[in-house]
Amino acid sequence: MTKLQAKAHGAPADAPTARKGEKPGVPTMSDVAKLAGVSPMTVSRVMNGDPNVRPATRRKVDEAVAALNYVPNQAARRLAGARAIRIGFLYSNPSAGYLSEFLVGLLNQASIHNVQLVVENCEDGHTWEAHSRRLIDNGVDGIILPPPLCDTPELIELIAQADMPAAVVACGQPDLRVGAVSIDDYQAAYDMTSHLISLGHHRIGFVIGHPNQTASARRLEGYKAAIADRGADASPELVVQGMFTYRSGLDAAEILLGLEQRPTAIFASNDDMAAASVAIAHRLGLDVPGDLTVAGFDDTALATTIWPELTTVRQPIAQMAETAVQFLVRQIRAQRDGAAEQPEHIVMDFSLIRRQSDAAPRRRPKLAGKTVEA
């Protein structure tokens, strides 16, 4: 959170005030000006793309706009001749939940910053060159790449050769030539695995994400590190390949729950595969979380629309998409002003969200003098 955002959220004096003819609580241009420490006229000049505004001033206004979620009057901006920014969104992601969260963030910032989104879908994941060239030829000002396309070096190179600003989201090792927003996937997986171990789970199945995403490998590394550090069962049979799809989660869960000694918990690399694991457990007559704990990753809408609701890692997908738009807007405006704006890189916080799908492993009655896990 920036200083301006903290100020907006923490200082009552800076809260938007209702004016005649306006809805209470709706931020105004004056509110933006007050928070940014500039005049309303300066805010107007920034919003209308005036090239004579200093980059530092423009940045303060942009941050204030984002902090207050200020949406300018679009009709007035068109009359003022504001030049819209066109950003291409190129995607190929098997998770509908992830894409939905991502689009929420994109659309929110698009309305705030007078951005026009141009969307291209690489359905098979191998047609990115044709789609990206179409975006470039159509004159977009910048491109945003979510996973897995953010992990395609050849695509980054093509965009760089076109001298086009770009931002990647959830990329493992971002290229310095593009803006980047991510979380620490390794630490998030480590923390979730450690949480499950702290509940008493010793055999924890893990469903890997698609191999074309670096986040998949990082989450696997975090899981393995926690297993090793906490002395849990590291049997290779507990790790099963998934593809970030619900269907692959069904297949992986069937393998794990078909083991002679099945795991007492399954940690899947996204919520789609975790939800599929819950479905297979129910089909087998297993209670979740009584017989099987299930944890996911991302905290998409799916996590709270199934029963029981998923314990998961919250990745701020919408906020990451919003930040990527902000990065590009600043860089594109700087280019128009003839100034140099270096791509920004940021690692955002994640959090563990505990709901109803996790519990301590159930214990069977003592047999022959010992207690065994269900």
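Please report, in whole Å, how far the alpha carbons of the chain spread along each principal axis, starting with the longest.
83, 48, 33
If you place +1 on the Cβ of every Lys and Arg, -1 on the Cβ of every Asp and Glu, and leave all else neutral, what size is the dipole of the range 246-374 about its Cα centre, to the nearest 20 Debye?
500
In deg cm²/dmol and to the nearest 500, what is the mean residue ellipticity at 222 nm of the chain if only DSSP H runs of at least 4 residues count, each as -39500 (n - 2.57), divided by the residue total?
Value at 222 nm, helices only: -13000 deg cm²/dmol.
By how many nm would the segment from Leu284 to Met41 lengthen if fully extended, with 0.36 nm per residue of separation less the alpha-carbon distance?
Stretched fully, the Leu284-Met41 segment lengthens by 80.9 nm.
Give me the accessible area per residue for the range 86-146, probe 1.4 Å, as a whole number in Å².
Roughly 41 Å² per residue, with all protein chains present.
For the range 133-242, build the charge dipole from Cβ charges (+1 Lys, Arg; -1 Asp, Glu) around the Cα centre, then report which of Leu176, Tyr186, Leu135 sits farthest towards its positive end.
Result: Tyr186, furthest along the dipole toward the positive end.
Provide Ile306, Ile204 ordered by accessible surface of protein heavy atoms (probe 1.4 Å), highest first.
Per-residue accessible area, sorted high to low, gives Ile306, Ile204.
Among Asn212, Ala321, Val61, whose Cα projects farthest towards the positive end of the dipole of the chain, with charges put on the beta-carbon of Lys, Arg (+1) and Asp, Glu (-1)?
Val61
What percentage of the solvent-accessible surface of the chain, computed with a 1.4 Å probe over protein heavy atoms, is contributed by carbon and sulfur atoms?
Roughly 52 percent, rounded to a whole number.
Suppose accessible area is computed on protein heavy atoms with a 1.4 Å probe; arrange Trp307, Trp128 from highest to lowest.
Trp307, Trp128
For the range 100-245, what does the equivalent ellipsoid look like in terms of its semi-axes, each the square root of 5 times an eigenvalue of the Cα gyration tensor, given largest first in whole Å?
36, 16, 13
Based on the Cβ-Cβ distance from Asp191 to Arg83, what FRET efficiency comes out when R0 is 51 Å, to the nearest 0.05?
The value I calculate is 0.70.
With every protein chain left in place and a probe of 1.4 Å, what is the accessible surface of Asp229, to the nearest 10 Å²?
Accessible surface of Asp229 is approximately 100 Å².
Tell me, what is the per residue accessible area of the range 171-273 in Å², probe radius 1.4 Å?
Result: 39 Å² per residue.
Roll a 1.4 Å probe over the protein chains and send me the accessible area per residue for the range 278-356 in Å².
On a per-residue basis, 40 Å².
With an 8 Å Cα cut-off and a minimum separation of 6 or more residues, compute the relative contact order for the range 140-233 in percent.
Result for the range 140-233 is 26 percent.
Tell me, which cysteines of the chain are without a disulfide-compatible partner by the Cβ under 4.7 Å rule?
Cys122
The values are calculated or read from the model by the stated rules, or taken from the named source; none is laboratory data. Keep in mind that this is a model prediction, so the values were computed, not measured. We place every Cβ from the backbone using ideal geometry, glycine too, and count neighbours over all the protein chains shown. Surface accessibility is based on the protein's heavy atoms, side chains included, excluding ligands, DNA and RNA. Shrake-Rupley method; radii C 1.70, N 1.55, O 1.52, S 1.80 Å.
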